[in-house]
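Q: For reference, the structure I am asking about is given below.
All of the numbers you see were taken from the coordinates with simple rules; none came from a lab. These numbers were taken from a predicted model, which means no experiment stands behind them. Here the Cβ positions follow ideal geometry from the backbone for every residue, glycine too, while neighbour counts run over all protein chains shown.
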Amino acid sequence: MGQHYIPYGRQLIGADDIAAVVEVLQSAWLTTGPKVTDFEKAVAESVGVRHGIAVTSGTAALHAAMSAIGIGPGDEVIVPALTFVATANCVVYEGGTPVFADVHADTLLIDPDQVRKKITPRTKAIIAVDYAGQPCDYDCLSEIAAAHKLFLVADGCHALGAEYRGRKVGSLADLTVFSFHPVKHITTGEGGMIVTDKSDLAERLCRFRNHGISSDHRQRENQGTWFYEMVDLGFNYRLSDIQCALGISQLKKLPEWLARRRGLARLYDAALADVREVAPLTHNGDNQHAYHLYVVRLAEQTDREQVFREMRRKNIGVNVHYLPVHLHAYYRNRYKTAPGLCPVAEKTYERILSLPMHAGLCDEDVRRVVSALGEAVAGAGR
Ligand SMILES: *Cc1c(COP(=O)(O)O)cnc(C)c1O
């Protein structure tokens, strides 16, 4: 096959992005300068909340979120079984215990009934993951959180720009976390942000990313003082002005890129309607999907491994998101999790495949993916 490789996700960098970064390189501030504040304001405004706190990655953002809500030893945090490992790891960083809840088979979103079953007197928070870019059932999750006095944290790393019943992801939970890794909707190379309307949490998050110190270098310079005080234990999770300049420039293109991702999803939906062995995940009618991923389920009798190998052989970057977190060696060894804990996630995991999805794909790429997939599934029956 001489055809070019189609990755499942990748960034788009334009001349405007490059110019924005070069401008910062020639300025007085490389880190924690005006671009950080501008980027934080722009992201917070785009999702309709008051505060944005930029950090070095989505993982750092999750870690900061767990610290801000006071997770510690003895505390349990409910997380979906089917997500990137960072969603659960952030609980462990703070000494808490992640408790895995099963997902809906048709959407792979956390199942509120399963969340209810996992609540104990030690439960402190729920982390909702908007899998593939589709918002979870936030009305139901908020109700559970309120009834049991739990924090609701949204891992919105797949869902920048998504909406639930007319409200933006970012404004639906106590804290929402985004990632700016190159496969996500917009990139800063590495980067992340927590957005919130709660001023007390925002203040703690700002301290946490800067060693637990109560003011930053720029504030002290402006106030003409050298004095600072460390009030909590924190980290150096600061995102640089160089990265934030890239983020500001990228964010301007988010609406156009979201429209493109949604258009690609419609093309896939239409083309796959004729392929009997392949079913896209269900898209609930009450939301605007952000399509970080386009995930399909293969028929029970189709050999996923064979389809995967055949697609890769044809230079198509399919992927699997994700091995359920509780089946990773670390969790099995440390938390004694085992198969059977979240049967829907485990069973569905064996049949899912992520097709290429990013704003740089053309219609012809989609046709090539669908035609290759049709051939691959036809040859992979058992
Ligand atoms: C990407 C991602 C993260 C982590 O983001 P990084 O910026 O790579 O640290 C966390 N959770 C989910 C669901 C993700 O997709």
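Q: Sequence gap at least 6, Cα distance under 8 Å: using those rules, report the relative contact order of the stretch 140-255 to the nearest whole percent.
A: Once normalised by length, the contact order is 20 percent.
Q: If Lys and Arg each add +1 and Asp and Glu each add -1, what is the summed charge of the other residues whose beta carbon sits under 11 Å from the beta carbon of Arg50? Don't skip to the answer; put the middle values down first.
A: Details: positive: Lys41, Lys198; negative: Glu40, Glu45, Asp197.
Its environment carries a net charge of -1.
Q: If you rank Cys362, Cys136 by fewest surrounding Cβ atoms within 10 Å, what's the result?
A: Numbers: Cys362 11, Cys136 32.
In order of increasing Cβ crowding within 10 Å: Cys362, Cys136.
Q: Which value at 222 nm does the chain reach when only helices count, each DSSP H run of 4 or more adding -39,500 (n - 2.57), with the total divided by all residues and rounded to the nearest 500 deg cm²/dmol? Please list the in-between numbers first.
A: Values: 14 runs with 148 residues, N = 382.
The helix contribution divided over the chain gives -11500 deg cm²/dmol.
Q: Right, next: Roughly what angle does helix 254-272 make with the longest principal axis of the chain, taking Cα atoms, 0 to 90 degrees, to the nearest 10?
A: Tilt relative to the chain: about 20 degrees.
Q: Below 8 Å between Cα atoms, with a sequence gap of 6+, how large is the relative contact order for the stretch 236-320 in percent?
A: Contact order relative to length: 21 percent.
Q: Between rounded, prolate and oblate, where does the stretch 1-136 land on the alpha carbon gyration tensor, with a ≥ b ≥ c its root eigenvalues, rounded for a/c under 1.5, else prolate if a/b exceeds b/c?
A: Oblate is the answer for the stretch 1-136, as a/c is 1.5 or above yet b/c matches or exceeds a/b.
Q: Then there's this: Show me the three semi-axes of the equivalent ellipsoid for the stretch 133-260, from the C-alpha gyration tensor (sqrt of 5 times each eigenvalue), largest first, rounded to whole Å.
A: 29, 22, 11
Q: Taking square-rooted eigenvalues a ≥ b ≥ c of the alpha carbon gyration tensor, is the stretch 78-200 rounded, prolate or oblate, where a/c under 1.5 means rounded and, failing that, a/b exceeding b/c means prolate?
A: Values: a/c = 1.41, a/b = 1.33, b/c = 1.06.
Cα axes put the stretch 78-200 in the rounded bin.
Q: Angle between the Cα long axis of helix 58-68 and the longest principal axis of the chain, 0 to 90 degrees, nearest 10?
A: Here the helix axis deviates by roughly 50 degrees.
Q: Round to a whole angstrom and tell me the spacing of the C-alpha centers of the stretch 95-131 and the stretch 269-334.
A: First find each Cα centre; the distance between them is then 21 Å.
Q: Could you work out how far helix 34-47 tilts from the main Cα principal axis of the chain, as a 0 to 90 degree angle to the nearest 10?
A: Between helix and principal axis, roughly 50 degrees.
Q: Taking Cα pairs under 8 Å and at least six residues apart, what relative contact order does the stretch 159-216 come out at, in percent?
A: Relative CO of the stretch 159-216 lands at 23 percent.
Q: Count charges around Leu267 for me, please; just the other residues with Cβ under 15 Å from its Cβ, Lys/Arg as +1, Asp/Glu as -1. If you can, show how the numbers build up before the last one.
A: Details: positive: Arg260, Arg261, Arg262, Arg266, Arg367, Arg368; negative: Asp269, Asp274, Asp363, Glu364, Asp365.
Net of charged neighbours comes to +1.
Q: Here's another thing I want to ask about it. Which of rounded, prolate, oblate describes the chain, given a ≥ b ≥ c as roots of the alpha-carbon gyration tensor eigenvalues and a/c under 1.5 marking rounded, otherwise prolate only if a/b is larger than b/c?
A: Oblate.
Q: Rank by packing, highest mean first: peptides 73-80, 92-99, with packing defined as the count of other Cβ atoms within 10 Å averaged across residues.
A: Order by mean packing, descending: 73-80, 92-99.
Q: Still on this structure, I have one more. Could you tell me the center-to-center distance, by alpha carbons, between the stretch 20-93 and the stretch 151-178 in angstrom?
A: Between the Cα centres of the stretch 20-93 and the stretch 151-178 lies a distance of 13 Å.
Q: Something else now. Near Ala60, within a Cβ-to-Cβ distance under 12 Å, what is the net charge of the other residues, with Lys and Arg +1 and Asp and Glu -1?
A: +1
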